[in-house]
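Everything on this sheet refers to the single structure shown next.
The values are calculated or read from the model by the stated rules, or taken from the named source; none is laboratory data. Everything quoted here is computed from the prediction, not taken from an experiment. When we count neighbours, we look across all protein chains shown, and the Cβ atoms used for this are built from the backbone with ideal geometry, even at glycine.
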Amino acid sequence: MPDSSRFWTYDRFWKKIVRIYQVLSAADEWDMPVIAGFCEVENRGVLEKLVYETPLEKYNYRIIHRDSPDPRGIDVALIYRKDMFRPDTSEWINVPVGEGYGTREILKVTGRLWEEVQVTIYINHWPSRSGGALSSEPKRIMAASVLKASLDELFAEEPGANVIIMGDFNDEPGDVSLKSLSITGNNPDSVCQTAIINLSEPHEMANQSGTIKYGGVWSIFDQVLVSCSLFNGKNGLKVAGNKAEIFAAPFLLEPDPSYSGMRPRRTYLGPNYHDGFSDHLPVSVVVELQEHY
């Protein structure tokens, strides 16, 4: 809204919508994603503008969203191409992080890709580092424990399930919260039934600096994790190239005037409109259908 603290106008709003479309269309060389997860969504209406009133309309995207307990209107959501993914169930998992503090729920969606293989997807936006990384760490550890409990329940019912976990975790792959979920490398089949592998470990992200830059330092807050079965292609799906990628196209970056190198080209710098894209870079992963499993 023009009278908000950021002085949004109709033109600024539509420029933001169009730029999100541009990122989605360019991330895989104009091959539109089957599924896309979002953080910091203000309401369902902005997603409807994106999928129904831009060139995305011809790809028949549908939306899974609801207003989160976060009073600022920064929800998580998922869009999917209905001809390629059929959701069967969706669940919003509460993250209890303290009295009077509302944070984003974890979105869990289970469905079938290409009408053949079942997959469960988790969309996350864990509590921020506001007030300091250490003082806020227990909130992210709580979010990790809530996610881990859901994973344990899923794997108890379906060992070897195909799982994709994505989002803005506000922690790096080596932090306690993420380490409580993930392992790295290949594992014996008995362990692989319930193991999670972080595709965003720094050694897996070759030639990538990070997804967000603060104080001249890049961090990988935006990550993709998968079940070991999906990583190894044991249950109908496999991660192509065994990696996730940070989409760091030149149009998403600009020279950093305070530090060396580049930085994300943001929409706002503080309260000032900067005519950019985002303070985060997107992350993607390609999964392939296995013909024989």
Practice item. Please verify whether the range 75-85 includes one or more residues that are surrounded by fewer than 16 Cβ atoms within 10 Å (Cβ to Cβ) and over 23 Å from Ala244 (Cα atoms). Key: yes
Practice item. Residue by residue through the range 86-116, note down the ones that are farther than 17 Å from Val287 by Cα, hydrophobic (A, V, I, L, M, F, W, C) and surrounded by fewer than 19 Cβ atoms within 10 Å (Cβ to Cβ). Key: Trp92, Ile93
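Give me a count of the residues in the range 142-181 that are assigned to a helix (DSSP H, G or I) and aliphatic (A, V, I, L, M).
11
Going residue by residue through the range 32-45, is there one that turns out to be within 23 Å of Tyr273 (Cβ to Cβ), assigned to a helix (DSSP H, G or I), in contact (Cβ under 8 Å) with a residue 24 or more places away in the chain and not aromatic (Phe, Trp, Tyr)? Spell out how you get there, then give the answer.
Pass one, the range 32-45, residues within 23 Å of Tyr273 (Cβ to Cβ): 38-43, 45.
When the remaining residues are screened for being assigned to a helix (DSSP H, G or I), the result is 45.
Pick out the ones that are also in contact (Cβ under 8 Å) with a residue 24 or more places away in the chain and you get none.
Among the residues of the range 32-45, not one is within 23 Å of Tyr273 (Cβ to Cβ), assigned to a helix (DSSP H, G or I), in contact (Cβ under 8 Å) with a residue 24 or more places away in the chain and not aromatic (Phe, Trp, Tyr), which makes the answer no.
A quick yes/no check of all residues on (1) part of a loop (DSSP other than H, G, I, E, B); (2) under 15 Å from Gly37 (Cα atoms); (3) of a type outside the set (Asp, Glu); (4) free of Cβ contacts under 8 Å to residues at least 24 places away in the same chain:
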{"residue": "Pro69", "(1), (2), (3), (4)": "yes, no, yes, no"}
{"residue": "Ala77", "(1), (2), (3), (4)": "no, yes, yes, no"}
{"residue": "Val97", "(1), (2), (3), (4)": "yes, no, yes, no"}
{"residue": "Ser130", "(1), (2), (3), (4)": "yes, no, yes, yes"}
{"residue": "Arg140", "(1), (2), (3), (4)": "no, no, yes, no"}
Point to revise | Any chance Asp11 is part of a helix (DSSP H, G or I) and either closer than 22 Å to Phe247 by Cα or without any contact (Cβ under 8 Å) to a residue 24 or more places away in the chain (or both) | key: yes
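Go through the range 46-74 residue by residue and tally those that are among the aromatic types (Phe, Trp, Tyr) and loosely packed, with under 15 Cβ neighbours inside 10 Å. Quick ask: steps written out before the conclusion?
Taking the range 46-74 as the starting set, the residues that turn out to be among the aromatic types (Phe, Trp, Tyr) are 52, 59, 61.
Narrowing further to those that are loosely packed, with under 15 Cβ neighbours inside 10 Å: 52.
Count: 1.
Somewhere in the range 66-80, is a residue over 17 Å from His125 (Cα atoms), of a type in the set (Lys, Arg) and more than 17 Å from the chain's Cα centre (by Cα)?
No.
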Practice item. Read through the list (1) of a type in the set (S, T, N, Q); (2) farther than 30 Å from Tyr214 by Cα; (3) in contact with a helix residue (DSSP H, G or I) (Cβ under 8 Å, 6 or more places away or on another chain), then give the number of the only condition that Thr103 fails. Key: (2)
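From the list Leu113, Leu181, Leu154, which one is closer than 26 Å to Val41 by Cα and modelled with pLDDT of 95 or more? It would help to see each step written out before you state the result.
Numbers: Leu181 fails: modelled with pLDDT of 95 or more; Leu154 fails: closer than 26 Å to Val41 by Cα.
Just one listed residue meets the conditions, Leu113.
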